[in-house]
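Engineer: I'd like to ask you about the structure that follows.
Nothing in this text is a laboratory measurement; each read-out follows from the coordinates by a stated rule. Everything numeric here is computed off the predicted structure, so don't read it as measured data. Backbone-built Cβ (ideal geometry, glycine too); neighbour counts: all protein chains shown.
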Amino acid sequence: MKTYYVYILECSDKSYYTGFSSRLNIRIIEHKTGKYPDCYTFKRRPITLVFHTTFSNPNHAIACEKQIKKWSRAKKEALINNTFEKLPNLSKKKFDNR
């Protein structure tokens, strides 16, 4: 059975990059060496792998990647830090009470 990965990299500018791969180790090396000059991480190296999770279904992995990409920085950091109990509150919309 093939394994698929969703991963989060922390870039040198402290931004996060979320990606998907079936070859995590190779993909991380590609990010670190700047194999793809048009990639988001190319000008933000060095990068650090701060989170990854595995899937057996590529469609589930791609859906997860797309979902995480829409998350706020605070929500990504809760995932990275394994503070899952914070995720529901970070998902709530904040309304201006004027």
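Engineer: Under a Cβ-Cβ cut-off of 14 Å, what is the net charge of the residues other than Thr54 that fall near it, where Lys and Arg count +1 and Asp and Glu count -1?
Structural biologist: Details: positive: Lys2, Arg23, Arg27; negative: Glu65.
Once positives and negatives cancel, what remains is +2.
Engineer: Follow-up question, since we're still on this one. Which of rounded, prolate or oblate describes the chain when judged by the alpha-carbon gyration tensor and an a/c cut-off of 1.5? Don't jump to the answer; show the numbers that get you there.
Structural biologist: Numbers: a/c = 2.27, a/b = 1.41, b/c = 1.61.
Oblate, because a/c is 1.5 or more while a/b does not exceed b/c.
Engineer: I've got another one for you. Under 14 Å Cα to Cα from Lys32, which aspartates and glutamates show up? Leave out anything in the same chain fewer than 8 places away.
Structural biologist: Result set, ordered by chain and number: Glu10.
Engineer: Per 0.36 nm of contour for each residue apart, how much would the distance between Glu30 and Leu87 grow if the chain were fully extended, relative to their Cα-Cα spacing?
Structural biologist: On the way: separation 57, 0.36 × 57 = 20.52 nm, distance 3.06 nm.
That pair, Glu30 and Leu87, stretches by 17.5 nm at full extension.
Engineer: On to the next question. Label-point separation (nm) for His52 and Asp13, each offset 7 Å from Cα along Cα-to-Cβ?
Structural biologist: Between His52 and Asp13, the label points sit 2.5 nm apart.
Engineer: Between Arg23 and Lys75, what length comes free when the chain is fully extended (0.36 nm per residue of separation minus the Cα-Cα distance, one decimal in nm)? Could you put the intermediate results ahead of the total?
Structural biologist: On the way: separation 52, 0.36 × 52 = 18.72 nm, distance 2.55 nm.
Stretched fully, the Arg23-Lys75 segment lengthens by 16.2 nm.
Engineer: Right, something else. Give me a comma-separated list of calculated 3J(HN,Hα) values for the range 72-77, in order, Karplus coefficients 6.51, -1.76, 1.60 applied at θ = phi - 60°, integers in Hz, x for any Gly or Pro.
Structural biologist: Rounded to whole hertz, the list is 6, 4, 4, 5, 4, 5.
Engineer: For every helix of n ≥ 4 consecutive DSSP H residues, a contribution of -39,500 (n - 2.57) applies; sum these over the chain, divide by its total residues, and give [θ] at 222 nm rounded to the nearest 500 deg cm²/dmol.
Structural biologist: On the way: 4 runs with 35 residues, N = 98.
For the chain, the value works out to -10000 deg cm²/dmol.
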